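What follows is a single structure, written as structure tokens, with notes after it.
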Amino acid sequence: MMITKNQDFVQEMQGIHYTAETLKISDQSRLKMIHDTYNKHGVDTSVLPTFVALEPYQSARDLLKQHNVNISTQKFNKLMIDAGYMEILPRPSKSNPNKIKKIKILTDLGMEYGQNDVTHHAPYNSQPHYFCNKFSELLVKLELI
């Protein structure tokens with residue numbers, strides 16, 4: 001059975017929707033995934049909104065360093081998981097469909113302090129980033145300061 005370009009586009013958009021919902025991807029990352037797919041299939045992107053991040057955000061590693069919290073990102077992630085702010089989800093490996101990889105995402109509770117963004121090198125993966133203006137509050141809740 002031959003898939004038409006239109007069917008291929010629809011399937012890819014459905015995949016984006018499923019991935020974004022499952023990984024709780026931020027609106028900014030969803031828009032990037034849609035924009036990239038539109039471009040790939042030659043669809044006009046002028047109908048898409050321009051997204052502007054309302055709050056600056058950074059990685060845990062950078063913010064831990066800025067706040068002089070001397071723990072590894074791995075230890076921080078474990079504390080986040082234990083407190084219910086982060087969870088680990090399985091996903092199939094792109095290179096080996098028989099292999100399962102694990103990714104960390106912020107839970108609904110954790111989304112108060114950050115967002116799940118698509119990584120640049122792996123568009124179907126997610127990486128938590130944290131709002132700069134809320135990170136101190138999160139560190140207090142985790143009893144790190």
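Where a number appears in this text, it was derived from the coordinates with a stated rule and is not lab data. All values reported here derive from a predicted model rather than from experimental measurement. Using ideal geometry, Cβ is built from the backbone for each residue, glycine included, and neighbour counts are taken over all protein chains shown.
Seen against the Cα atoms of the chain and their longest principal axis, helix 5-22 is set at about 20 degrees. Residue by residue, region 35-49 carries 3J(HN,Hα) couplings of 4, 4, 5, 4, 4, 4, 9, x, 8, 4, 8, 5, 7, 7, x Hz when phi is fed to the Karplus relation 6.51 cos²θ - 1.76 cosθ + 1.60 (θ = phi - 60°); x denotes Gly or Pro.
At 0.36 nm per residue, and after removing the present C-alpha to C-alpha distance, how many nm does the segment from Asp62 to Asn77 gain when stretched out fully? Write down the numbers at each step before the final one.
Details: separation 15, 0.36 × 15 = 5.40 nm, distance 1.36 nm.
The span from Asp62 to Asn77 would gain 4.0 nm if fully extended.
The radius of gyration of the Cα set in region 84-145, together with its Dmax, comes out at 13.8, 42 angstrom.
Over 18 Å between Cα atoms, which of Lys32/Lys94; Lys24/Lys104; Lys24/Lys94; Lys65/Lys134; Lys75/Lys141; Lys102/Lys134 qualify? Walk me through the numbers on the way to the answer.
Working: Lys32/Lys94 20 Å; Lys24/Lys104 11 Å; Lys24/Lys94 20 Å; Lys65/Lys134 15 Å; Lys75/Lys141 15 Å; Lys102/Lys134 26 Å.
Distance filter (> 18 Å) returns Lys32/Lys94; Lys24/Lys94; Lys102/Lys134.
For the chain, the longest principal axis of the Cα atoms and the long axis of helix 73-82 meet at an angle of about 90 degrees. The helix-based estimate of mean residue ellipticity at 222 nm for the chain, built from -39,500 (n - 2.57) per DSSP H run of four or more residues and divided by its residue count, is -12000 deg cm²/dmol to the nearest 500.
Per-peptide packing, taken as the mean over residues of other Cβ atoms within 10 Å, places 22-28, 39-45 in the sequence 22-28, 39-45 from highest down.
Expressed as a fraction of 2.2 N^0.38 Å, the value expected for a compact globular protein of N residues, the C-alpha radius of gyration of the chain is 1.19.
The mean sequence distance of close C-alpha pairs (under 8 Å, at least 6 residues apart), as a share of the length of the chain, puts its relative contact order at 24 percent. Subtracting the Cα-Cα distance of Arg91 and Asn39 from their residue separation scaled by 0.36 nm leaves 16.1 nm.
Charged neighbours of Thr22, selected by a Cβ distance under 14 Å, balance to +3 (K, R count +1; D, E count -1).
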